[in-house]
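Computed from the coordinates by the stated procedures, all read-outs in this text should not be read as laboratory data. For clarity, every value in this text was computed on a predicted model and none was experimentally measured. No Cβ is skipped: glycine too gets one built from the backbone with ideal geometry, and neighbour counts run over all protein chains shown.
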Amino acid sequence: MSKQIALLVGSNSATSFNKIVANYIKSIAPASLQINIVEIADLPLYDRDLDANSPEQYTRLRNQIAAADGVLFVSPEHNGALPAMLKNAIDVVSRPMGESKWIGKPTGFITVVASLSGGVRVSDQLRLISSAPFINMPALPFAANIGGIFNGVFNDKGEIASDAVKETLQNFIKAYADFVEKF
Ligand SMILES: Cc1cc2nc3c(=O)[nH]c(=O)nc-3n(C[C@H](O)[C@H](O)[C@H](O)COP(=O)(O)O)c2cc1C
């Protein structure tokens, strides 16, 4: 039976390159993984006072993560950091206090950014966050960092044009599937 993998995308743009990569990952994932892209753009900004009577968006995402066997993040870089939308989702699912749904789920990071740095800062930040006590997720040691996205990585049809990028993503998802199997 396939492992259920929740995939969070750190951009809600209608023309998001990260969404293109998320859909590509979904399409090439091995049969051992079922990738489920989860909605995070509609979450109210996290406020612990809301935990007493959580908005249904919080409850929905918490339940989706609770039901997942693993979690993937596909993210742009916003001013040198992970986007607020993604950090908000991480915080929402880490609470109420003592009820974090992240703990123990194997995770992996893909970044898709304009600069040639490829978003290494973001995958490193996500890896650091994954070690926080109420997140506590084992992380695949290497990330797939896709940079220079305005230079031939995608074509006008919104597809990945670069064979090298496709190969990087194929290798990443195979390694992630092996990693998930260990748990
Ligand atoms: C608020 C904001 C900040 C950005 N900061 C960075 C950055 O620090 N490094 C970078 O490489 N690209 C940066 N970009 C450009 C993004 O990499 C580019 O817009 C990319 O397409 C975002 O991914 P998306 O298409 O999935 O939304 C930034 C974009 C926005 C909107």
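Which percent of the Cα-Cα distances in the stretch 82-183 go past 23 Å?
35 percent
Treating the angle as unsigned and between 0 and 90°, give the value, to the nearest 10°, between the Cα long axis of helix 120-130 and the longest Cα principal axis of the chain.
So the inclination is approximately 30 degrees.
Whole Å is fine, so just give me how far the alpha carbon centre of the stretch 1-43 lies from that of the stretch 105-138.
15 Å
At 0.36 nm per residue, and after removing the present C-alpha to C-alpha distance, how many nm does the segment from residue 51 to residue 1 gain when stretched out fully?
Here the segment from residue 51 to residue 1 would lengthen by 14.6 nm.
Can you give the Rg and Dmax of the stretch 10-159 based on its C-alpha atoms, in angstrom?
Calculated on Cα positions, Rg and Dmax stand at 15.4, 48 Å.
Using only Cα atoms and rounding to the nearest 10 degrees, what angle (0 to 90) does helix 163-181 make with the longest principal axis of the chain?
That helix lies at roughly 40 degrees to the long axis.
Suppose R0 equals 41 Å; then what is the FRET efficiency for residue 32 and residue 151 from their Cβ-Cβ distance, rounded to the nearest 0.05?
The calculated FRET efficiency here is 0.75.
Just want the answer: with Cβ charges of +1 for Lys and Arg and -1 for Asp and Glu, which residue in 114, 131, 161 is farthest toward the dipole's positive end in the stretch 110-177?
Positive-end residue among those listed: 131.
Given the pairs 3/87; 157/182; 101/166, which are separated by over 27 angstrom at their Cα positions?
Over 27 Å Cα-Cα: 157/182; 101/166.
Run the quick spin-label model on residue 142 and residue 103: label points 7 Å from Cα toward the beta carbon, then report their separation in nm to one decimal.
Result: 3.2 nm between the two label points.
Along the Cα-to-Cβ line of residue 42, 7 Å from the Cα, sits a label point; which residues in the stretch 69-86 have backbone N less than 18 Å from it?
85-86
If you count, for each residue, the other Cβ atoms within 10 Å and average over each peptide, how do 153-165, 75-87, 25-37 line up from highest to lowest?
Result, highest mean first: 75-87, 25-37, 153-165.
For the chain, with only Lys/Arg (+1) and Asp/Glu (-1) charged at the beta-carbon, what is the dipole magnitude about the Cα centre, in debye rounded to 20?
My answer is approximately 260 debye.
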